[in-house]
1. With r defined as the distance between the Cβ atoms of Asn151 and Asp35 and R0 fixed at 25 Å, what FRET efficiency is calculated, to the nearest 0.05?
2. Along the three principal axes, how long is the stretch 109-218 when you take its alpha carbons, biggest first, rounded to the nearest angstrom?
3. Residues in the stretch 98-119, backbone N under 19 Å from the label point at Met77 (7 Å along the Cα-to-beta-carbon vector): list them, ranges by number please.
4. Can you sort Glu219, Glu156 from fewest to most other Cβ atoms within 10 Å of each residue's own Cβ?
5. So who's got an amide H within less than 5 Å of the one on Tyr165, skipping anything under 5 residues away but keeping other chains? H placed 1.01 Å off N, in plane.
6. How far apart, in nm, are two points set 7 Å out from the Cα along the Cα-to-Cβ line at Arg95 and at Arg227?
7. Per-residue ellipticity at 222 nm for the chain, helices alone: DSSP H runs ≥ 4 residues times -39500 (n - 2.57), over residue total, nearest 500 deg cm²/dmol?
8. At 0.890 mPa s and 25 °C, plugging the Kirkwood radius over alpha-carbon pairs of the chain into Stokes-Einstein gives what diffusion coefficient in µm²/s?
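Values quoted throughout were computed directly from the atomic coordinates according to the rules given, and no laboratory measurement underlies them. For clarity, every value in this text was computed on a predicted model and none was experimentally measured. As a convention, Cβ positions derive from the backbone with ideal geometry for all residues, glycine included, and neighbour counts pool all protein chains shown.
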Amino acid sequence: MFGLRMRSPEEACHPTGRVSSQRLLSARRMSTSRDWHILLIGGGAGVGKSTLALQLARHFGVGLTEVDDFQQVLEYMTTPEQYPAVHAFRQDPERWLAMSDARKLDAIRAYCDVMSEALDPVLSNHLFDGIPSIYNGDFISPCFAARESYNGRPSEGRVRALFLYDDAAQIDRNFQSREGSPQPDRARISALYSAWLRQEATRLGHIALPARPWKTLLERALAALSRA
């Protein structure tokens, strides 16, 4: 929806393509025990979600699902009449770009609602007999993560969530490093959305972490998950 491209596993190891082997070794010494079956990782575009999700999946030895893939399915399998929020950007990019920041945030939250509808039966199935997994994506909302049940199946505390945030200047640098050009408007919206996610995550009792310093992100996430 926002012009994101898929990242290779090597790129996903760090927002700038680099990762500290010493830090990873230190994180590996931390406990691999967990009290969740599904871990949701959310945040605005460009904050480092893919980085953290891949590292956590390797640390815990669990599956990893990119919610961006569900985005592609929704856009391919539905029409603008069925789900206007899903097609808002691709159907009329100029109209999207002309929107105020507040309206863009409303549109992103509307997309979150649709994504929640799509993910609801998937999480239910995983809670029933699926392998432990991490789901990572832009459109994971704190409200969705806080549900007591998914498609009628009680979560029973087996679904946890962690949200990352950063400021617009750093997100823009991440975009430039990753995609080769500065994107200040996109970075600004991502930062505003991340700030809203942080506020909602805190209100609902989820983990909200600053993405920086990157070198300690994995260790901080593991520590937060062990405390929460």
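1. On the way: r = 22 Å, r/R0 = 0.88.
Between Asn151 and Asp35 the formula returns 0.70.
2. 44, 30, 27
3. Counting backbone N atoms under 19 Å from the label point, the list is 111-119.
4. Numbers: Glu219 15, Glu156 10.
Listed from fewest to most nearby Cβ atoms, that is Glu156, Glu219.
5. Leu209, Ala211
6. Placing both labels 7 Å beyond Cα along the Cβ direction yields 4.6 nm.
7. It comes out at -17000 deg cm²/dmol, rounded to the nearest 500.
8. 137 µm²/s
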